[in-house]
Amino acid sequence: KMAAGSGWSAVCEKFRAARTLSAVESLKDPETEPYRSKYSARALLQEVKQLLSAAEEGGEARVLAVRRAVLEYELGVNHTDTEELSAGEEHLQRCTQLLEPHRLSPDCVSLYIQAQNNLGILWSRRDEIETAQTYLESAEALYNQYMKEDGNPPLDPSEHFMAEEEKLTDQERSKRFEKAYTHTLYYLAQVYQHLDMIEKAAQYCHTTLKRQLEYCGYYPVEWARNAATLSQYYLSKECFMEARHCLAAASVIFSQAGQVPPAEDNETEQDQHDLPERKAEIARCWIKYCLNLLQSARKLLEDNIGELDPDRQLELKAQRKKEEDEKEKGRKKAVLFGTSDICDSVLAMEEKVSSVYPLDFQEAREIFLVGQNYVQEAKEFFQVDGYVTDHIEIVQDHSALFKVLAFFEEDYERRCKMHKRRIDMLEPIYADLNPQYYLLICRQLQCELADTYYEMMDLKVAIGNRLEKLDSHTVKKINSLAQFAIKYYELFLDSLRNPDKVFPEKLEEDVLRPAMVAKFHIARLYGKLITSDSKKQLENMQTSLEYYTFLVEYCEKYPDAVPAIETELELSKEMVSLLPASMERLRAKLSPCV
């Protein structure tokens with residue numbers, strides 16, 4: 001038998017050399033010959049294959065078949081790595097054919113699953129996602145069946161070319177087998193993502209992350225990035241506890257980068273270089289978390305005119321008290337990541353911010369402040385120079401945090417100050433933007449600035465209504481806020497005009513609602529301007545009427561626009577029928593009776 005002699009150890013030596021070339025040496029290949037080591041490894045694998053064939057006379061058929069399968073597997077991966085997909089597929093298919101009858105036995109199951117994983121990868125690289133799915137799902141099923149029927153740590157494929165004394169411990173075997181299965185789940189998560197099976201993708205992503213921590217097989221930076229991405233899925237489902245858990249885990253694991261020696265083969269230099277950006281990305285996910293939690297709470301608490309409903313608030317507080325105790329316990333178990341020491345750090349991180357809906361100003365403010373801290377952290381990296389769009393998005397989120405916090409504030413004066421903070425952060429950014437290059441962002445900022453001034457004007461009117469008599473200071477303030485709101489709405493509407501300054505006959509769908517709301521608000525604003533000059537007042541009413549009329553006539557001409565602006569349209573129709581009479585009365589006052 002060949003296995004006895006020095007011949008066999010030479011074969012094993014060649015096999016090991018091929019694997020080292022492929023895994024280690026290839027990382028140092030020059031860019032001009034990126035596959036140099038892969039090709040040398042391939043030549044060695046072919047030699048091992050020849051030596052095996054020569055030995056077929058005396059060897060035991062089963063042992064030889066498995067060894068040949070290992071070589072077919074290595075050759076398959078090798079060809080896939082060098083972009084030769086058809087050859088790669090052939091080798092991997094040969095591997096699975098050789099193993100088919102023994103696929104559930106401890107010496108074959110791990111190799112079989114890894115071959116199917118690689119066929120899955122190969123087909124997804126060809127964009128044949130459904131074919132990839134069948135290979136990966138069958139690998140998953142095989143793992144589950146093996147664990148149910150046998151469950152002993154199976155051999156690692158490399159052991160088929162090892163002397164007895166080099167064989168792995170059960171612990172190491174188990175670790176490698178579980179890692180292969182984690183890869184199956186990781187690729188399945190991506191396949192489901194591609195097939196738009198979002199729920200399933202999230203579930204598999206979660207399991208993958210959990211297993212990577214359990215078996216210490218992960219790159220901190222990549223793991224944290226995936227966990228932060230998963231948090232955004234949970235946010236979209238309003239699962240705030242799960243979202244917070246993913247983000248807390250992302251922050252904790254990310255902090256290992258650069259400190260802990262990487263668990264996997266070396267983390268690339270590239271990663272170290274990217275750390276500040278990755279950290280800022282996680283901060284942005286935290287901002288979204290705080291913002292979404294506050295906005296969802298607002299949805300629960302607001303009445304039909306967008307104000308906080310105190311009865312609803314009391315009801316929700318009572319309900320929360322009742323649920324609080326039962327819920328946390330049940331859900332916690334399902335999602336927890338990691339071993340105890342990681343768990344403790346994650347829990348500490350989670351305790352810094354709530355995951356239940358804030359129901360009053362105090363609770364909202366705490367979440368707001370956490371979000372605001374992450375805004376500062378994200379802005380440190382995403383600065384205006386070099387990251388214009390990212391920077392502006394972060395400032396817009398900051399403004400949105402103030403906007404939603406204002407909803408919880410009962411005092412109108414203080415609410416006004418919060419909106420003023422939004423103006424102060426958005427105006428300088430808008431002033432510096434070139435609309436030629438950043439038309440879309442300019443429009444967003446014009447609308448947001450206009451809406452904010454409009455909101456402040458409404459608040460000042462409400463404050464004025466509580467006074468015995470309007471003082472000149474309040475009048476000035478109301479008029480000035482209204483003028484600024486009009487200015488920004490007009491700027492937005494002007495941006496829709498063509499190069500000849502003509503307003504479009506029919507509005508594009510994406511700007512239809514904002515344009516109509518702008519026209520409607522301008523109409524209202526002209527109605528709110530306060531003047532003691534009746535002639536001026538008539539002019540304002542006339543302008544107001546023209547804007548309301550625009551809305552009504554546009555909707556008569558394009559009835560499909562109606563659903564987008566139903567409320568505004570109803571009110572505009574009302575004003576179009578009421579205003580002319582008011583104007584008549586004012587005119588009568590102006591021209592003395594003859």
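The values are calculated or read from the model by the stated rules, or taken from the named source; none is laboratory data. Remember, it's a predicted structure, so these values are computed and weren't measured experimentally. Quick reminder, even Gly has a Cβ in these numbers, built from the backbone with ideal geometry, and neighbours come from all protein chains shown. What goes into the accessible areas is simple: the full protein's heavy atoms, side chains included, and nothing from ligands, DNA or RNA. Shrake-Rupley method; radii C 1.70, N 1.55, O 1.52, S 1.80 Å.
Of note:
- If you go through the stretch 472-493 and keep only what is more than 40 Å from the chain's Cα centre (by Cα) and either farther than 25 Å from Ser532 by Cα or of a type outside the set (Ser, Thr, Tyr) (or both), you end up with His473, Val475, Lys476, Lys477, Ile478, Asn479.
- Residue count, the stretch 115-148 (criterion: part of a helix (DSSP H, G or I) and either in contact with a Lys or Arg (Cβ under 6 Å, 6 or more places away or on another chain) or under 15 Å from Asp81 (Cα atoms) (or both)): 10
- Against the conditions (1) more than 41 Å from the chain's Cα centre (by Cα); (2) of a type in the set (Gly, Ala, Ser); (3) surrounded by 15 or more Cβ atoms within 10 Å (Cβ to Cβ); (4) not in a loop (DSSP other than H, G, I, E, B), Ser53 satisfies every one except (3).
Here's the yes/no breakdown for (1) closer than 18 Å to Leu449 by Cα; (2) of a type in the set (Phe, Trp, Tyr); (3) at pLDDT 95 or above:
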site	(1), (2), (3)
Ser472	no, no, no
Lys487	yes, no, yes
Asp500	no, no, no
Leu507	no, no, no
Asp510	no, no, no
Ala515	yes, no, yes
Tyr526	yes, yes, yes
Lys536	no, no, no
Thr543	no, no, yes
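- All positions within the stretch 461-471 that are over 16 Å from Thr531 (Cβ atoms) and open to solvent by less than 80 Å² (accessible area, probe 1.4 Å): Ala462, Ile463, Leu467
- When residues of the stretch 246-282 are limited to those that are of a type in the set (A, V, I, L, M, F, W, C) and under 16 Å from Gly217 (Cβ atoms), the one modelled with the lowest pLDDT: Ala263
The rows are residues; the columns are (1) surrounded by fewer than 16 Cβ atoms within 10 Å (Cβ to Cβ); (2) in a helix (DSSP H, G or I); (3) not small (Gly, Ala, Ser).
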| residue | (1), (2), (3) |
| --- | --- |
| Lys179 | no, yes, yes |
| Asp196 | yes, no, yes |
| Glu199 | yes, yes, yes |
| Cys205 | no, yes, yes |
| Arg211 | no, yes, yes |
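- Residue satisfying condition, being more than 18 Å from Glu427 (Cα to Cα) and aromatic (Phe, Trp, Tyr), within set Tyr489, Tyr547: Tyr547
- Test: residue in the stretch 499-506 that is in contact (Cβ under 8 Å) with a residue 12 or more places away in the chain, acidic (Asp, Glu) and either open to solvent by 30 Å² or more (accessible area, probe 1.4 Å) or touching a Phe, Trp or Tyr at 6+ places or on another chain (Cβ under 8 Å) (or both): no
- Scanning the stretch 358-412 for residues that are over 30 Å from Tyr437 (Cβ atoms), of a type in the set (Asp, Glu) and assigned to a helix (DSSP H, G or I) gives Glu363, Glu366.
- Residue match in the stretch 479-493 (condition: surrounded by 17 or more Cβ atoms within 10 Å (Cβ to Cβ), among the charged types (D, E, K, R) and either touching a Pro at 6+ places or on another chain (Cβ under 7 Å) or part of a helix (DSSP H, G or I) (or both)): no
- Selected residue [in contact (Cβ under 8 Å) with a residue 40 or more places away in the chain, in contact with a Leu (Cβ under 6 Å, 6 or more places away or on another chain) and open to solvent by less than 30 Å² (accessible area, probe 1.4 Å)] from Val404, Val346, Val370, Val375: Val404
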